Amino acid sequence: MPLSNRLICIALALGFAASPGPFVVHTARADADPEALIDALNAVFGKHDGKRAAHTNGICVKGAFTPAEKASDYSKAPHLTGKGPFPLVGRFSMGGGAPEAPNTQKDNVRGLALHIEIGKDNVTDMVLISAPVFAAKTPEQFLSLLQTVATKDPEKIGAFFKANPESTRQTAWLMARPVPASYATATYYGVHTFTLTNGDGQKKIIKWHVVPKGGDVGLSDEDAKSKAAGFYTPELTDRLAKGPAVFELKAVLGNEGDEQNDPTVEWTGTDRKSVVLGEISISALEDNATCDAGIFDPSNVVDGIEGPANDPIFAIRSSAYAVSLSRRGQQ
Ligand code: HEM
């Protein structure tokens, strides 16, 4: 792909091979507040009337969440202790702010966002991507990354990645794996560290993984090339006509010493335990207007689930999404 196209398609994954060049530590040109982050996303991807500044290309779905019996051992959250099934609205998406981001792109994340309806006027959200890490550990670093990419200057971009190696991890992870064959055959990761508290007050740190029951299925590079840019929507339509797409909600348990506040760091290790806390079943497409009416808010959690206290990316996401929503009607 020519350099210019690669820059246009560039996603939140922001994959760009570090090119040799002068060692320049790029500093942000504005405070990394939510407005500046949305401006920077728009500078990379353009402003698109009525659309999200990121994860612009997506599709709305519906289904249900059913907790596993032992989920209440881990959390007192109502949807993990209650009977279920709890109705849900979800949205699959491509990372980045390009409305036509191709489904065939390897160095881009897929997104899964969920509103789980726990009761009347009570909804909890999850917002996940198809890689275990994000491309920046602070809003400042993310702003700087976007502003550097917006220059389209390969030397500056190469220097950025050299000075910020943690920002290359997501793309490296994606490039080492195949293009998902379907939105329904990718594993989605919460990326941040959450704390679960059960009815006895016992706490555990975890990371969410949403794993397709049929396993991850990818395409060979050759097969991916033969697909249409928008093949995920007809694929999902056909798939759901035959039956639901089912995922397990897994809590991967943290160990002592695990990094809890940097979403560029993956929890690794062969001794790592996980527990299945429920099942997410996607049964049908939903009117996109349902998903576009508001934001999926990663900080919208309920008693029994807490986000990380000192993860600056987690802390800013909700307000950045609110700015994106407020601008959707203005362009
Ligand atoms: C400072 C860091 C981040 C910024 C500035 C940012 C920005 C955005 C924006 C502007 C949107 C669209 C909001 C809307 O209009 O509804 C969005 C959506 C999304 N983001 Fe982020 N994001 C950040 C971090 C993350 C991380 C760490 C993840 C990983 C889980 C993530 C996953 C998603 C997903 C899956 C969506 C799509 C939600 C939907 O379908 O509506 N983002 N992001």
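The values are calculated or read from the model by the stated rules, or taken from the named source; none is laboratory data. As the structure is a prediction and not an experimental result, all values here were calculated from the model. Virtual Cβ from ideal backbone geometry, glycine too; neighbours counted across all protein chains shown. The protein model used for the area step is the full one, side chains on, heavy atoms only, and it has no ligands, DNA or RNA in it. Shrake-Rupley method; radii C 1.70, N 1.55, O 1.52, S 1.80 Å.
Against the list (1) surrounded by 17 or more Cβ atoms within 10 Å (Cβ to Cβ); (2) within 25 Å of Ala98 (Cβ to Cβ); (3) aliphatic (A, V, I, L, M), the condition Ala229 fails is (1). Of the residues in region 247-259, not one is modelled with pLDDT of 95 or more, among the basic types (Lys, Arg) and either farther than 29 Å from Ala181 by Cβ or open to solvent by 70 Å² or more (accessible area, probe 1.4 Å) (or both). For Arg272, indicate whether it is near the ligand (Cβ under 10 Å from one of its atoms) and either modelled with pLDDT under 95 or closer than 22 Å to Asp200 by Cβ (or both). Judged against the criteria, Arg272 is not a match. In the set (1) buried (at least 19 other Cβ atoms within 10 Å of the Cβ); (2) farther than 16 Å from Val301 by Cα; (3) of a type outside the set (Phe, Trp, Tyr), Leu114 fails one condition alone, (2). Identify all residues within region 205-261 that are of a type in the set (Val, Ile, Thr) and part of a helix (DSSP H, G or I); write none if there are none. If the condition is that a residue be of a type in the set (Val, Ile, Thr) and part of a helix (DSSP H, G or I), then Thr233, Thr237 are the ones that fit.
Output the residue which, of all residues in region 291-331 that are farther than 19 Å from Ala40 by Cβ and either open to solvent by 60 Å² or more (accessible area, probe 1.4 Å) or modelled with pLDDT under 95 (or both), is farthest from the ligand (Cβ to nearest atom). Within region 291-331, the match that is farthest from the ligand (Cβ to nearest atom) is Asp303. Taken over region 294-313, the criterion of being part of a loop (DSSP other than H, G, I, E, B) and in contact with a His (Cβ under 8 Å, 6 or more places away or on another chain) is satisfied by Phe296, Pro298, Val302, Gly307, Pro308, Asp311.
Candidates are the residues of region 182-210 that are without any contact (Cβ under 8 Å) to a residue 40 or more places away in the chain and open to solvent by 30 Å² or more (accessible area, probe 1.4 Å); the one that is nearest to the ligand (Cβ to nearest atom) is Lys203.
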